[in-house]
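Take a look at the structure below.
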Amino acid sequence: MNERLVNGLFWWLVVFLLSLLGCGVMIHKTYEKWNQAPIIVTFSEKPTPVWDIHFPAVTICPETKVAASSLNFTAEINVLADDIHYSNETSERKSSSVERIKAVAQLCNIMFHSNYGWLNQVKCSEDNIVDMLKRLALPWRTTVALCYYGTDFTECENQLKVTLTEEGICYTFNMLPDSKIFRKSAMHTDYIYTRNWYIFPGFQPPAPSYARDAGLHAGLTLYLAQKNEDTDYLCTGYSQGYKLKIHGIDEYPHMAKRNLRLPLGHEISIALKPQMIVTSPSAADYSWEKRQCFFNNERYLRFFKIYNQENCDLECFESNGTKVGTLSMWHCMYRAKWFLRPIPGLKRQPHRVILEMVKNCNCLPACSSVSYDVEMVQTSLDMEKFRLANYELPRDHLDKFTITTLAIYFKESYFVSSKRSELYGWVDFLANCGGLLGLFMGVSILSLLEICYFITIRPFSVRSGIVSAEKRKSNEVQNAMLPVICKPE
């Protein structure tokens, strides 16, 4: 009988320890998952209408940087090269075209700089490059021939502004004023900012427009025109047309990072599909390392008031441009006459430097952001012959302009957004732990309360009962020792 009792006790002890071990291991794994990846990205329960979000900002940069009437870049630089080659003149040149050539050269591609590196040796009086580029740029009335937004054909020139990028003078629709994007302390003081560069002087910048609906009738339509005589292949190479960037209204365009190419003489249609992600307030309690995103108050940018990944990348590029031997640039805030500066000499193993730069910048996505997937369709366009057939254009104007049309619109009226929220809250974590305890140990809240009762209240209750019993017994003994007086009969 004693042997059976010992075997039973040993068996139940082993089972209890194994259950306790399994329960502890599973709870530890649950805790690690909750601690390491507490955030999950899921689809929202309801679709979002496009009219609840802003229409994106649209930035267009012509590949042709200057008007031929202001500067024939190819002819002027060839003349300058001949003068230097034959006269050995590398330090001074009296021609005023040198200043304009060097200003425009800042916008040329790397192929140009590899072939015309000698241009850096030509000295001239430095002028404000921004004012120079503004004077030489293509006239906006020619570049943006027609522009309307929505079904009412309301002209949107009052929402177009001149934007300075690494591509030179560009035109942006529906972006926040620079005073709301840039920090005042970081902005350049040598020229007027793009917030005052609206096409209509004295016009008050409007608030960014919300989307109205899906389809062409609710989108943005632009008619772009370029004089054929302005086309220049020396500066920007064989690609002619426009660079297009579709971005958020709070993002300053960085054209070199990502853009779409628009060829001349085509009708281009771009359908947008928004990709929006928001973050629940409960996720704000976690650190950015676990969320893998930044709220605006968590990440300070030196130049920008608003944090997003594009602005962070742009600031990172400027701050670290000299490390990779590339063209370092800045549009509005860098306090230098020449906002594009060629850095002589290329560092060894630039890919490692770039990788280290990206890691150090730590440009995670913003916790709430909108991006756009695009579907682009293009067909050839013969606008001149159409207008000639309708007696709208004289014959002598047929070959002077190349027309390009651009339509940007939302593809669908509703889209499914994403939501970043906590995977395990305290309630979920406790529920998982309770389920594991119940599975392995048969433990429930009542069991825990019972254990607490027997550990805390029960000993005092038993002790109080024992004291009461002893006191009662003592009273009985004392009562038994009292003399008994009997009344005689």
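Points to keep in mind about this one:
- Between the range 275-300 and the range 1-52, the alpha-carbon center distance in angstrom: 28
- Sorted fewest first by neighbouring Cβ atoms within 10 angstrom, V25, V98 come out as V25, V98.
- Of the peptides 58-70, 39-51, the order by per-residue mean of other Cβ atoms within 10 Å, starting with the highest, comes out as 58-70, 39-51.
- Residue ranges 430-437, 250-257, 141-148 sort as 250-257, 141-148, 430-437 when ordered by packing (mean number of other C-beta atoms within 10 Å per residue, highest first).
Taken together, the values in this text are just the output of simple stated rules run on the coordinates, not laboratory data. Quick caveat, the model's predicted, so the values are computed rather than measured. Don't worry about glycine lacking a Cβ; one is built from the backbone with ideal geometry, like all the others, and counts go over all protein chains shown.
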